[in-house]
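Report on one structure; see the data block that follows.
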Amino acid sequence: MASIRKLEYLLILLSVCIVASKSTTSGVSDIKYMLEQLVTKHKVPALGGIELDTNGITALGAAGIRKKGSGIEVTSSDLWHIGSCTKAMTATMIASLVEYGVVQWEDTLGEIFPWLPKEYHGINYIHLLSHRSGIPATTDWKKIAESAPTLEGQRVNTVNLLIKTRMEGRPGQKFLYSDWGYVVAAAMAENKTEKSYESLMQEHLFAPLAMTTVGYGPTSRDNELTQPWGHTSQV
């Protein structure tokens, strides 16, 4: 029971990304039965869980269905959309750039995008990655996606939107969780390195960690049911 409670706590905090092989190897515990209890209790479509130590995977499992009403079960080899867990990965990538001397934590928006209003000039990587930049929480991502044919262009346009946007506070003044701020940080890194965010992530994070099943965007496209779908709750 204690193990179930511990797993329940962890899974409530975040959706886990499962990228393991289809068949569990010798010595790996199957935790599907534990996850099935949590799926039923919390009335969610599916859950995936993985436990690792320094020697590799020790427990693995998945329970539920890929899309509500589909009847198609998830598997332990499915790819899961991990959403804002990407922020920790982005911060790690930028920390790697700092370690290699490519950028500095104190590099500012004003140095890289001097056309922005002066109130934004003092914002640096530390402010952005700690959610203390004063940049609003979010923007209209649908319009951003339609604003340029490339992801790099869309990120630059996300920066340019700040020209007509009021800050929520001075840099470092207060905590405000900001998706927008992390896109700005990615755009800063792209400008400084002349490499795309995607290539920087591959070079500084995914390749060193041998992460070979990483992708961007939804795990399933159109009406495909080859991977788990994202779901929203209705209150």
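The values are calculated or read from the model by the stated rules, or taken from the named source; none is laboratory data. Model, not experiment: these values are computed from the prediction. Counting neighbours? That spans all protein chains shown, and the Cβs are built from the backbone with ideal geometry, glycine included.
General remarks:
- Region 43-63, subset among the β-branched types (Val, Ile, Thr) and outside any strand (DSSP E or B), residue modelled with the lowest pLDDT: 54
- Residue list for region 145-186, filter: in contact (Cβ under 8 Å) with a residue 40 or more places away in the chain and of a type in the set (A, V, I, L, M, F, W, C): 151, 159, 162, 163, 167, 175, 176, 180, 184, 185, 186
- Taken over region 48-91, the residue count meeting the criterion of being more than 30 Å from residue 183 (Cβ to Cβ) and hydrophobic (A, V, I, L, M, F, W, C) is 7.
- Condition met for residue 185 (assigned to a helix (DSSP H, G or I) and of a type in the set (Gly, Ala, Ser)): yes
- Scanning region 158-181 for residues being over 20 Å from the mean Cα position of the chain (by Cα) and under 23 Å from residue 114 (Cβ atoms) gives a total of 14.
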